[in-house]
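Written out below as structure tokens is the structure these notes cover.
The values are calculated or read from the model by the stated rules, or taken from the named source; none is laboratory data. Everything quoted here is computed from the prediction, not taken from an experiment. Heads up, the Cβs are rebuilt from the backbone with ideal geometry, glycines too, and the neighbour counts pull from every protein chain shown. Keep in mind that these areas ignore ligands, DNA and RNA; they rest on the heavy atoms of the full protein, side chains included. Shrake-Rupley method; radii C 1.70, N 1.55, O 1.52, S 1.80 Å.
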Protein chains: 2
Amino acid sequence: MKLADFGFVEGINEIIAVTRNEDGSLNTAPIGIIVEDCNSTLARARLFRSHTRENVKRDKIMYANVIWDAEIFALASFQDLEQDYFESLEPPVLKNALSWCKFRAILRGAYADLELVDGKVLRKDIRAVNRGFNAVIEALIHATRYVILKDENKKRELKERILYYHEIARKCGRDKEKKAFEIILEKIH
Amino acid sequence: MKLADFGFVEGINEIIAVTRNEDGSLNTAPIGIIVEDCNSTLARARLFRSHTRENVKRDKIMYANVIWDAEIFALASFQDLEQDYFESLEPPVLKNALSWCKFRAILRGAYADLELVDGKVLRKDIRAVNRGFNAVIEALIHATRYVILKDENKKRELKERILYYHEIARKCGRDKEKKAFEIILEKIH
């Protein structure tokens, strides 16, 4: 079993992390898993102050879902996904996820050291490159900063970038990407 | 047979178009295939003045390769890919393409009307979202404009955008994305 089996490549892999909150409910958040050797079981993730980080600290377990759903990325950026979005709760698997992985996770400074301990490929896929999807991912990076920043100039700059990506999604994306931007635009108004 | 079978979704699908030059050699270029209904066989592509456009005008045939290879996208943006890059020449299929499609293509104004007439899925895939790959695609949009523009201010603006995406690819990408940027940066120096 190695990271590559589940869709991870060298570099930063944007996935939906699922951890368990103290009350047993599921926490979902998009995070980047940093992989140096995808033929190994070892990775890292930078975890900012967040529920994901608290849960990893307590549980030492983090699940990852490899998924291509712009709306799910947008929703999970701002809230926990409810049970309706999952096709399985144990292990936690979002509908249409391509694979899930279970990581043993140990915090070390700003990072978590991750070790792949279980996982499954659920479905393989064929899709052409879509700039609309990419635009959602880029806009989310800016939008999640936007909502925590106070500096009005920085916020204006981020908003401009987000609107630039909105144009790309409008032109190149599907309904999923357009729905994702509805969620994003609500957060920056 | 419908577009969705080969990885096309509604919106603009970035693929490598393959057409035949007058001397029988293969022309390769990344283009966007515009799909309104992926359960149909009908699509469109905007074709600017290019060898692709000339070949489509003469042959009325265009092949599409659905592929996720940043280096191939970068190379094909600036030159025709040599035979070594193909795993089949008839139909023309690049190594590691997920699928190929054959379109009947009729020019109409700035666009070509496309009708899917043949195609095959070669392999399905599982991969996590990678911002480095996306950055290559965005940078190529700007780089292909950069090389034809004369206005120094516009060129400077495009170069800034390209360097912004280079940073993302450096941080998030694999070797493939880094190689792609070597090709791109050579063109904007």
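Remarks
- Test: residue in the stretch A:59-70 that is surrounded by fewer than 15 Cβ atoms within 10 Å (Cβ to Cβ) and touching a residue at least 24 places away in the same chain (Cβ under 8 Å): yes
- Checking the stated criteria, A:Val147 turns out not to satisfy the condition of being β-branched (Val, Ile, Thr), surrounded by fewer than 20 Cβ atoms within 10 Å (Cβ to Cβ) and modelled with pLDDT of 95 or more.
- Given (1) under 25 Å from B:Glu10 (Cα atoms); (2) open to solvent by less than 70 Å² (accessible area, probe 1.4 Å); (3) away from chain B (no Cβ under 14 Å); (4) charged (D, E, K, R), number of the condition A:Lys155 does not satisfy: (1)
- Any chance A:Leu122 is out of contact with any His (no Cβ under 8 Å at 6 or more places or on another chain), touching a residue at least 12 places away in the same chain (Cβ under 8 Å), over 22 Å from A:Lys178 (Cβ atoms) and away from every other protein chain (no Cβ under 14 Å): no
- Residues satisfying the stated conditions in the stretch A:81-100, i.e. within 14 Å of A:Val121 (Cα to Cα) and among the polar types (S, T, N, Q): A:Ser88, A:Asn96, A:Ser99
- Filter pass, A:Lys171 being open to solvent by 100 Å² or more (accessible area, probe 1.4 Å) and either within 12 Å of chain B (Cβ to nearest Cβ) or out of contact with any His (no Cβ under 6 Å at 6 or more places or on another chain) (or both): yes
- One residue from B:Leu89, B:Leu94 being more than 26 Å from A:Ala169 (Cα to Cα), loosely packed, with under 15 Cβ neighbours inside 10 Å and touching a helix residue (DSSP H, G or I) at 6+ places or on another chain (Cβ under 7 Å): B:Leu89
- Entry remark, the stretch B:99-129: residues being open to solvent by 10 Å² or more (accessible area, probe 1.4 Å) and touching an Asp or Glu at 6+ places or on another chain (Cβ under 9 Å) number 12 in total.
- Scan the stretch A:59-73 for residues that are away from chain B (no Cβ under 13 Å) and on the phi < 0 side of the Ramachandran plot and the total you get is 5.
- Residue in the stretch A:77-94 that is within 21 Å of B:Arg161 (Cα to Cα) and among the polar types (S, T, N, Q) present: no
- Among residues of the stretch A:174-189, those that are more than 13 Å from chain B (Cβ to nearest Cβ), over 19 Å from the mean Cα position of the chain (by Cα) and among the basic types (Lys, Arg), counted: 0
- Evaluated against (1) of a type outside the set (Phe, Trp, Tyr); (2) modelled with pLDDT of 95 or more; (3) over 15 Å from A:Phe103 (Cβ atoms), A:Ile15 falls short on exactly one condition, (3).
- Total residues in the stretch B:9-28 satisfying the condition of being open to solvent by 20 Å² or more (accessible area, probe 1.4 Å) and within 14 Å of another protein chain (Cβ to nearest Cβ): the figure is 4.
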